[in-house]
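The values are calculated or read from the model by the stated rules, or taken from the named source; none is laboratory data. Note that this is a predicted model, so its numbers are computed, not measured. Glycine also receives a Cβ, built like all others from the backbone with ideal geometry; neighbour counts cover every protein chain displayed.
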Amino acid sequence: MFKWIAAPVLASATLLAVPSVPALADAASMSFFVTSAGKGDGANLGGLEGADAHCSALAKAAGSPKTNWKAYLSTTAPQGEAGVNARDRIGKGPWQNVKGVVVANSVEELHSDKTNVTKETALTEKGEVVKGRGDDPNEHDVLTGSDPLGMYSTAGGDTTCKNWTSNAEGSAIVGHHDRIGLKDTRHMTSWNSSHGSAGCSADALKKTGGNGYFYCFAAE
């Protein structure tokens, strides 16, 4: 009789210790992440459609129930026609990473000094920190094709690796997710618009500190 009573008491004591275990990342509430892997073909992402599909696939694999994922990428149009702005593709916000940290409450805040995109907050869909300057290798270049306001570039030349279809010639504007640049200026430390890549191939992206990653936002 004594043994029968003691067993539940021991079990209860064990259960009481469970809440002390740290909470896991919550993919269900995640609405922003940096891709944990590129598409595997340099800056050839299959255009905006292919990039969006990659965001959705990674989010789904991580356990996210959201389906309307958009890659933060701009595109240009020939002969001076209006291109597509990354900022217009991602919904209205707010957005938070897999750990529940809000990176911005609105499009305007995202593209202001109040943005909370940093190395510590720009996590992958798995909750991992992306390597930045000082790490080996440095992978802080994130493809955007955008100016600091999240709009397509009017600087001239190729700024989007032929609208995300080239894995050879061309160049793409990248941002620094860790907000660190060669120079301590607002431009060089921009999360979405720091400089152009050395090219569009996987090797060319690595030359300037990248690995074909890009930002994904839930536009819901």
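Among residues of region 79-107 that are modelled with pLDDT of 95 or more, those with a beta-carbon under 7 Å from a residue that is part of a loop (DSSP other than H, G, I, E, B) and basic (K, R) at least six positions away or on a different chain give the pairs S106/K92; V107/K92. Look at (1) in a loop (DSSP other than H, G, I, E, B); (2) within 14 Å of the chain's Cα centre (by Cα) and you find that R87 fails only one, number (1). For D113, the conditions (1) part of a loop (DSSP other than H, G, I, E, B); (2) in contact (Cβ under 8 Å) with a residue 12 or more places away in the chain; (3) surrounded by fewer than 18 Cβ atoms within 10 Å (Cβ to Cβ); (4) not basic (K, R) are fulfilled apart from (2).
The sole residue among G93, G157 that is in contact with a strand residue (DSSP E or B) (Cβ under 6 Å, 6 or more places away or on another chain) and assigned to a loop (DSSP other than H, G, I, E, B) is G93.
Within region 38-59, the residues that satisfy the criterion of being touching a Lys or Arg at 6+ places or on another chain (Cβ under 9 Å) and not hydroxyl-bearing (S, T, Y) are A43, N44, L45, G46, L48, G50, A51, D52, H54, C55, L58, A59.
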